[in-house]
Amino acid sequence: MRKIILTLSIIAAVILLLGADIRRNESSTTTLAAPKKKKCIGYTILEFGKGVDCNGDTVKLVKMNGIQVLASSIE
């Protein structure tokens, strides 16, 4: 009876260990620098005059020809 219980507990332990994800991504754990900003094309309008670009930065919007556009794109 002890052999059966011991065998079943060893099998259960092996199954639990095989299901564990022990892989590590070394590049993300060693680098603690700020993420690089990418070139943004669009934005999301939060309220009139304010929006968020794809980097998560708040941008100023101005009304032009009935739509809101980025204030920095107007020359």
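Residue separation times 0.36 nm, minus the C-alpha to C-alpha distance between PHE48 and VAL62: what's the value? List each step's numbers first, then the result.
Numbers: separation 14, 0.36 × 14 = 5.04 nm, distance 0.83 nm.
Answer, rounded to one decimal: 4.2 nm.
Expressed in nm to one decimal, what extension gain is obtained for the pair ILE15 and LYS38 from 0.36 nm per residue of sequence separation less their Cα-Cα distance?
Numbers: separation 23, 0.36 × 23 = 8.28 nm, distance 4.25 nm.
The span from ILE15 to LYS38 would gain 4.0 nm if fully extended.
Read-outs: derived from the displayed coordinates by stated rules, not from any lab. These numbers were taken from a predicted model, which means no experiment stands behind them.
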